[in-house]
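> Got a structure for you, written out below as structure tokens; questions coming shortly.
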Amino acid sequence: MEDLNCYFFHMLCLAKAVHDNPRMKKAWSSFDSIALDEDSYYELSMELSVSIFKDTSVYYNEESGVETWVLSDPIVYRFCELCERLESEKGLDEGINPYRRNAERMLHESFCLSAYNYDYDWRLSAADRRRKCILFFSADEFYGWHELPGAFMEALDGFQELNRQLEAELGLNKLVPIYPMPNEWKEAVSCRTDLT
């Protein structure tokens with residue numbers, strides 16, 4: 001029996017994460033007929049990492065050997081808008097806004113990678129020249145590329161959840177049916193209420 005390459009299992013985990021995340025459905029085609037080896041695994045990890053946020057730019061500084069990822073997305077922009085609205089309505093300072101602190105905590109948890117030689121930061125404030133993004137820095141010795149898709153998905157999902165909480169606090173949650181109710185259902189509901 002032939003030994004399975006350990007990257008086979010890592011790629012299965014990546015495939016599961018992509019399959020379970022609705023935003024990543026477009027990346028599913030990346031798994032078509034891919035070799036189960038180390039090179040393909042890292043190539044796939046990078047491809048997925050770049051496709052999670054709506055706008056991802058990667059810059060490499062040859063002098064310092066540091067790669068900078070600039071990650072921005074409408075979900076992050078929405079979070080910043082909602083925070084500014086809450087601060088304006090409640091007279092809060094950015095420093096004491098509990099949602100900004102929750103975002104910090106969420107980012108710390110998302111970027112708790114097992115690798116070393118990386119750092120991250122964020123620009124989520126009006127004081128940051130209106131640039132709303134997350135920054136990820138990695139040095140040449142960074143070896144945690146395979147963890148980035150999961151970390152980026154977790155961060156974006158965290159912002160999505162914070163947006164839901166902020167919208168509820170601001171009274172912006174309105175229930176809107178996803179599908180129109182068929183007439184048969186309406187009739188059944190009206191008959192049911194007539195019986196009671």
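> With every protein chain kept in the model, how would you rank M153, M46 by accessible area, 1.4 Å probe, largest at the top?
From most accessible down to least: M46, M153.
> Quick one: which residues, 5+ away or cross-chain, put their amide H under 5 Å from the amide H of Y120? H built at 1.01 Å from N.
F137
> Moving on to the next point. Starting from the residue with the highest accessible area, list D39, D140 in decreasing order, probe 1.4 Å. The partial results should precede the final answer.
Values: D39 120, D140 100 Å².
So the residues, ranked largest to smallest area, are D39, D140.
> In whole percent, and with a 1.4 Å probe on the protein chains, what portion of the accessible area of region 76-167 is carbon and sulfur?
Result for region 76-167: 45 percent of the exposed heavy-atom area is carbon or sulfur.
> Follow-up question, since we're still on this one. In region 35-106, which trypsin sites (Lys or Arg not before Pro) are in a loop and have at most 14 other Cβ atoms within 10 Å, using DSSP for the loop call?
Counting only loop positions with at most 14 other Cβ atoms within 10 Å, the trypsin sites (Lys or Arg not before Pro) in region 35-106 are K54.
> With every protein chain left in place, what is the accessible area per residue of region 45-144 in square angstrom, probe 1.4 Å?
Values: 5410 Å² over 100 residues.
Dividing the accessible area of region 45-144 by its residue count gives 54 Å².
The values are calculated or read from the model by the stated rules, or taken from the named source; none is laboratory data. Because the structure is a prediction, the values reported are computed rather than measured. Note: ideal-geometry Cβ built from the backbone for every residue, glycine included; neighbour counts use all protein chains shown. The protein model used for the area step is the full one, side chains on, heavy atoms only, and it has no ligands, DNA or RNA in it. Shrake-Rupley method; radii C 1.70, N 1.55, O 1.52, S 1.80 Å.
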